[in-house]
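These notes are about the structure you will find just below.
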Amino acid sequence: MHPDPAEPQKPRTDAPTPEAAECASTELAPQSPPPRKPVTATDLPTSERPTPLPPAASAPAAGWPSLPGYEILRELGRGGMGVVYEARQTRLDRRVAIKVSLPGADTERFLREARLLARIRSPYVVAVHDFAVLANDRPALVMEWVEGTNLARLLRKEGLALSEERVLPWMRHTCEGMLAAAEQGIIHRDLKPSNLLIDGQSCVRVADFG
C-alpha cells in the first residue's frame, strides 16, 4: 500500500534529539588510554636493574702511542732514546710508566734494557712489567710507576740547599741498586740525577739503564 502523495507525512518520533545524539556520541566514542609513564632503571627492583657500563677510556691525544690494555694519561718527558708517558693499566687499574722509543731507535737495545731490568731484584731499581712493539714498529717498555720526583728536578728546584742528611740515604739507595745490578753482570751506562727517581717515602729507584 502506498501513501497518498497528497497527505502530508508526520515527522518520525524515533529520531534522536540533539541532546540524545550528543550523549550517544560521547558514550560511543572510543576513549584513548592515559599516557604511559616510561619505565626507567630506577623503577625496577635493585636485583633487576642493568649493570652500568664502565666509563670509556679517553681517546689518546694526537701523537700519543696506542697500546692495547693501557690508557695513556700524559707525557712525562723526552730523552735521546725515547719518550716516557704516564699510563693506566686498565685490567689491573694501576698506574705505570711507558717508555716509547723515538722513530729509528734500535728495537734490540730496548729489548736488551727490558731483559736487563727484569733480571734485577731490588727495591732500589725500577721494576719492568712488560715489553711490546707498537703498530708502528716502535718498541715500548712498561715499567713500575714511581710517584714523586727525580734528583735532577730537585736540584733545579732547591739548588745547593740539599742537606747532607737528605742526600746520604739517597746515595746509599743508589749504591744498593747498582750492587744488585752488578751481581747480575749489569752496568748502568747512563747514571745521572735525572735517572734517580725519588718516591714519596724518600726512597731512590734507579731507572733507564740504557
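Key figures
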{"item": "Accessible surface of THR174 - all protein chains present, 1.4 Å probe, nearest 10 Å²", "result": "10 Å²"}
{"item": "Accessible surface of TRP170 - all protein chains present, 1.4 Å probe, nearest 10 Å²", "result": "10 Å²"}
{"item": "Solvent exposure ordering (accessible area, 1.4 Å, most first) of CYS175, CYS203", "result": "CYS175, CYS203"}
{"item": "Rg/Rh (Cα only; Kirkwood hydrodynamic radius) as it applies to the range 89-175", "result": "1.06"}
{"item": "Accessible area (Å², 1.4 Å probe, nearest 10) - LEU134", "result": "10 Å²"}
{"item": "Exposure ranking of ILE187, ILE120 by accessible area [1.4 Å probe, largest first]", "result": "ILE187, ILE120"}
{"item": "Alpha-carbon Debye profile of the range 76-130, log10 I(q)/I(0) at 0.13, 0.17, 0.26 Å⁻¹", "result": "-0.38, -0.64, -1.18"}
{"item": "Relative contact order for the range 71-191, counting Cα pairs under 8 Å that sit 6 or more residues apart, in percent", "result": "19 percent"}
{"item": "Largest-first ordering by accessible area, 1.4 Å probe, given options MET178, MET171, MET143", "result": "MET171, MET178, MET143"}
{"item": "Enclosed volume per residue, in Å³, of the convex hull spanned by Cα atoms of the range 130-210", "result": "121 Å³"}
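The values are calculated or read from the model by the stated rules, or taken from the named source; none is laboratory data. In this text, all values refer to a predicted model and were calculated from it rather than measured experimentally. Areas reflect the complete protein model, heavy atoms only, side chains present, ligands, DNA and RNA absent. Shrake-Rupley method; radii C 1.70, N 1.55, O 1.52, S 1.80 Å.
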